[in-house]
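The values are calculated or read from the model by the stated rules, or taken from the named source; none is laboratory data. Computed from a predicted structure; not experimentally measured. Heads up, the Cβs are rebuilt from the backbone with ideal geometry, glycines too, and the neighbour counts pull from every protein chain shown.
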């Protein structure tokens, strides 16, 4: 398949609503040792769209996505009437129907354009970027991409967590809620360019590394764990897939490793991200590249993370900068990557 031409990143935005929740607070609420969270997960703070004391929802997925989209449009100097396509990636929509992307478009005042919602995990934001850039043409020159997740909705806050296994308790301390957005535009005359995006399903014959269950009216009394992750499989598989994605990006762009100025590694948790980054630096000689990570401060908020990284990257990117980024989804194993260049 022929790769589409580069597109410009016109603006980015984020939404991390509410005050950050530190490890002492989360540990006291869920019966976890803050020192264990720091050492095992490597996350210091996260944002949640719920009041932990009352269980009341404070911010929905649509709230988060709309906030990030508004910020990106403002940064790009683009109005709602100028948006030609909207693509939203999430693993945690507010409803099965209507699709959250249409509720976001309605709030923004976007109308009469294609809207798409991708159901995916951490790789979804890059899948959305890939989809949007392929839809950009002379008739549709501006695309809005949003990645958002409200992970807290998958957690049962009134459970006696002293009785749950560590594998389940991890889910209460590793995740966070948030959204990121980017406005893409046709043309490559200058500015920050999205050179390429890769999206590869690599889970043929492989057991899922993560399962997030939907509990409807027919199974609301199910005792199954809402979020189930095979952390050993993730720790073994993600570094390999991250290296594969990095190698493909360097080969396609023709960039020498020592010309890459920024590295956006997978954002699983602070500790694991550090390990993956170290492995990529050593394997490819990326020692001169500045790491762009946020998960230690935001928690793992799924589809938001790659766009939160992109926001940090393009904030003050010098001309001549080159960045490669990777996101890996363990649910059924997808590896994605992107290359960004400032001209």
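Taken over the stretch 106-133, the criterion of being touching a strand residue (DSSP E or B) at 6+ places or on another chain (Cβ under 9 Å) and over 22 Å from residue 175 (Cβ atoms) is satisfied by 108, 110, 113, 114, 115, 116, 129, 130, 131, 132, 133. Residues that are over 22 Å from the mean Cα position of the chain (by Cα), outside any loop (DSSP other than H, G, I, E, B) and surrounded by 15 or more Cβ atoms within 10 Å (Cβ to Cβ) within the stretch 27-59 comprise 27, 29, 30, 34, 36, listed in sequence order. Annotation note: of 80, 32, 15, the sole residue that is touching a helix residue (DSSP H, G or I) at 6+ places or on another chain (Cβ under 6 Å), closer than 30 Å to residue 235 by Cα and at pLDDT 95 or above is 15.
Taken as a whole, the condition of being out of contact with any helix residue (DSSP H, G or I) (no Cβ under 8 Å at 6 or more places or on another chain) and in a helix (DSSP H, G or I) does not apply to residue 316. Scanning the stretch 114-136 for residues that are in a loop (DSSP other than H, G, I, E, B) and either surrounded by 17 or more Cβ atoms within 10 Å (Cβ to Cβ) or not assigned by TED's automatic domain parsing to the domain that holds residue 174 (or both) returns 120, 121, 122, 123, 136. Among residues of the stretch 287-313 being touching a strand residue (DSSP E or B) at 6+ places or on another chain (Cβ under 7 Å) and part of a loop (DSSP other than H, G, I, E, B), the one that is surrounded by the fewest Cβ atoms within 10 Å (Cβ to Cβ) is 292. Is there a residue being at pLDDT 75 or above and farther than 30 Å from residue 322 by Cα anywhere in the stretch 190-205? Checking the stretch 190-205: at least one residue is at pLDDT 75 or above and farther than 30 Å from residue 322 by Cα. Would you check if residue 139 is surrounded by fewer than 20 Cβ atoms within 10 Å (Cβ to Cβ), assigned to a loop (DSSP other than H, G, I, E, B) and not assigned by TED's automatic domain parsing to the domain that holds residue 55? Against the criterion (surrounded by fewer than 20 Cβ atoms within 10 Å (Cβ to Cβ), assigned to a loop (DSSP other than H, G, I, E, B) and not assigned by TED's automatic domain parsing to the domain that holds residue 55), residue 139 does not qualify. Among the residues of the stretch 5-22, is any in the same structural domain as residue 107 (by TED's automatic domain parsing), under 18 Å from residue 270 (Cα atoms) and part of a strand (DSSP E or B)? Within the stretch 5-22 (the criterion being in the same structural domain as residue 107 (by TED's automatic domain parsing), under 18 Å from residue 270 (Cα atoms) and part of a strand (DSSP E or B)), the answer is yes, since at least one residue qualifies. For residue 96, state whether it is in a loop (DSSP other than H, G, I, E, B) and surrounded by fewer than 15 Cβ atoms within 10 Å (Cβ to Cβ). Yes; evaluated as a whole, the condition is true for this residue. Evaluating residue 150 against the criteria (1) crowded, with 24+ Cβ neighbours inside 10 Å; (2) at pLDDT below 95; (3) farther than 22 Å from residue 270 by Cβ leaves one unmet condition, (3).
Before we move on, is residue 82 outside the structural domain of residue 303 (by TED's automatic domain parsing), more than 16 Å from residue 178 (Cα to Cα) and in contact (Cβ under 8 Å) with a residue 40 or more places away in the chain? Yes; evaluated as a whole, the condition is true for this residue. State yes or no: is residue 94 modelled with pLDDT of 90 or more and more than 26 Å from residue 317 (Cα to Cα)? Against the criterion (modelled with pLDDT of 90 or more and more than 26 Å from residue 317 (Cα to Cα)), residue 94 does not qualify.
Residue count for the stretch 259-272 under the criterion of being at pLDDT below 95 and farther than 17 Å from residue 149 by Cβ: the result is 3. Of all residues in the stretch 251-286, those being over 20 Å from the mean Cα position of the chain (by Cα) and outside any helix (DSSP H, G or I) number 7. Here residue 18 clears all of (1) closer than 20 Å to residue 124 by Cβ; (2) under 20 Å from the mean Cα position of the chain (by Cα) except the condition numbered (1).
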